[in-house]
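Read through the structure below, which is laid out as structure tokens, and then see the notes.
Quick note: the coordinates plus some simple rules give every number you see, no bench work behind them. For clarity, every value in this text was computed on a predicted model and none was experimentally measured. Using ideal geometry, Cβ is built from the backbone for each residue, glycine included, and neighbour counts are taken over all protein chains shown.
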Amino acid sequence: MSQEKGTGDGRVSRRKLLSWAGLTAALAAVAGLAYRHFSATSAVKVESFMTRGQGQAKNILVLTGSGRVQGNSDRLAEAFAKGAREAGHTVNVFPTGRHNLRACMHCEGCWSKGKPCVLADDFDTLFPLLEQAELLVFCSPLYWYNFSGHIKAAMDRMYPYSKKERLRDMRVHETMLLMCGQSHFLRSFAGPAEAYRQMLGYKRWKDRGRLFVTGVDEFGEIAGNRALRTAEDMGRNA
């Protein structure tokens, strides 16, 4: 009777066992990633692109969504702002994660005191910038498959500018979206991508570009990533 190849005495070698264990672990890892990809994300199409502007200088407001100074999304926003300023645009960057912005209370007190919102917080600093900006750029990290809570609070506080009885409106007519996150799958950004698309339709804003950066999580991990050059180009061509 022939013996199983291995040690020569019918036992499987330790090397072979380790090989099978390694293969099993690799397959389990791939299966786990596939499960997370298909079960926890949406089928909404997510893609990065940019369009070129008309070469005219404009007022740009960049809203960042992280509380982490010089984190990955901060650096993404800085790259965009650098390119835009070099092209002659006026750029203001408002870090929502480092300002006191309360959530919208839906109290319907908008404009009752002559300003967009009755709440007294740092939105009083933000709304004049919103009313001056022609191009609005959202730059957020991916939190739980969505925008960060910081930038979402700022978005919600724009509600007064959608009311029929508003005293003033924003000058915004174009927007861009920049996002980065730990996930290696573009589909993980489907939630905010769809919310952004809906905002565009509601406000009739023109979409000038989107950039989704995958696989960045640790502090400063985006350094050296080609996405920074892409963001700079988006600013330069705004």
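The table that follows gives values for the structure above.
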read-out: Most fluctuating residue given options Ala133, Ala227, Ala25, as computed from a GNM of the chain linking Cα atoms under 10 Å; value: Ala25
read-out: Residues with amide H under 5 Å from that of Val93, placed H, sequence gap 5 or more; value: Val62
read-out: Lys, Arg +1 and Asp, Glu -1 on Cβ, resulting dipole of the chain about Cα centre, debye, nearest 20; value: 380 debye
read-out: Trypsin sites (Lys or Arg not before Pro) within segment 120-221: DSSP coil, no more than 15 neighbouring Cβ in 10 Å; value: Lys163, Lys164, Arg166, Arg168, Arg171, Arg204
read-out: Selection from Met199, Thr24, Thr230 lying farthest towards where the dipole of the chain points positive, charges on Cβ; value: Thr24
read-out: Overall form of segment 107-153 per C-alpha gyration tensor (a/c, 1.5; a/b vs b/c); value: oblate
read-out: Chymotrypsin sites (Phe, Trp or Tyr not before Pro) restricted to DSSP loop in segment 143-189 with at most 15 other C-beta within 10 Å; value: Trp144
read-out: Antiparallel %, DSSP beta bridges [both residues in the chain], to 5; value: 10 percent
read-out: Prolate/oblate/rounded call for segment 59-109, Cα gyration tensor, a/c under 1.5 rounded; value: oblate
read-out: Hypothetical label at Gln70: residues of segment 217-238 whose amide nitrogen lies under 15 Å (7 Å Cα-Cβ projection); value: 219-224
read-out: Dipole magnitude of segment 73-207 about its Cα centre (Cβ charges: Lys, Arg +1; Asp, Glu -1), debye to nearest 20; value: 220 debye
read-out: Nearby aspartates and glutamates by direct alpha-carbon distance to Lys58 (threshold 14 angstrom, same-chain neighbours under 8 apart not counted); value: Glu86, Glu131, Glu134, Glu174
read-out: Residues Ala25 and Val118, FRET efficiency given R0 of 41 Å [Cβ-Cβ distance, rounded to 0.05]; value: 0.10
read-out: Gained length - Tyr145 relative to Ala223, 0.36 nm times residue gap less alpha-carbon distance; value: 25.8 nm
read-out: Segment 158-238: GluC sites (Glu not before Pro) falling in loop per DSSP and having at most 11 other Cβ within 10 Å; value: Glu165, Glu218
read-out: Three semi-axes of the equivalent ellipsoid, segment 49-236, Cα gyration tensor, whole Å, largest first; value: 26, 19, 15
read-out: Relative contact order (%) - criterion: Cα under 8 Å, at least six apart; region: the chain; value: 29 percent
read-out: ³J(HN,Hα) computed for each position of segment 202-207 - Karplus, 6.51 cos²θ - 1.76 cosθ + 1.60, integer Hz, glycine/proline x; value: 5, 8, 6, 7, 8, 7
